[in-house]
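Structure first, then comments.
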Amino acid sequence: MTSHAVTPARCNNAATAAAVPPGSRWMKTLLIVAFLILIVWNLGAGLYYMLVDKGQSKRTVNALTRRIALSVALIIIVLVSIKLGWIEPHGVGA
């Protein structure tokens, strides 16, 4: 018979996950999804302005600049959240 030892890191993660209020998990997910929706919205707005304005205004550039700024902000938020332990990265299927 083999015994499966639980590593201390697994124990700490399980204890941390149990200590996190259930509502905060949804808030984190909601924040990330909201950022992704805004990014896609600005990408679509840039496409629309490019087709409608035909280069006569800077609305396309502004929409795409906002999209890039939102993407960079989301990446920074995720990295800071991982560093502070607010979210825990995991592999696919892990």
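Any residue at all in region 24-34 that's touching a residue at least 40 places away in the same chain (Cβ under 8 Å), surrounded by 10 or more Cβ atoms within 10 Å (Cβ to Cβ) and of a type outside the set (A, V, I, L, M)? So far as region 24-34 goes, yes, one or more of its residues are touching a residue at least 40 places away in the same chain (Cβ under 8 Å), surrounded by 10 or more Cβ atoms within 10 Å (Cβ to Cβ) and of a type outside the set (A, V, I, L, M). Selection of first residues in region 66-90 that are touching a residue at least 12 places away in the same chain (Cβ under 8 Å) and surrounded by 11 or more Cβ atoms within 10 Å (Cβ to Cβ) and of second residues that are of a type in the set (Gly, Ala, Ser) and part of a helix (DSSP H, G or I), restricted to Cβ pairs under 9 Å at least 6 apart or on distinct chains, gives the following pairs, ordered by first then second residue: Arg66/Ala45; Arg66/Gly46; Arg67/Ala45; Arg67/Gly46; Trp86/Ser24; Ile87/Ser81; Glu88/Ala17. Taking region 46-66 as the range and being among the basic types (Lys, Arg) and assigned to a helix (DSSP H, G or I) as the test, the residues that pass are Arg59, Arg66. Candidates in region 51-65 are the residues that are small (Gly, Ala, Ser) and more than 22 Å from Ile37 (Cα to Cα); of these, the one that is surrounded by the most Cβ atoms within 10 Å (Cβ to Cβ) is Ser57.
Bear in mind these aren't lab numbers, they're just calculated from the coordinates by the rules spelled out. All of these numbers come straight from a predicted model, not from anything done at the bench. Backbone-built Cβ (ideal geometry, glycine too); neighbour counts: all protein chains shown.
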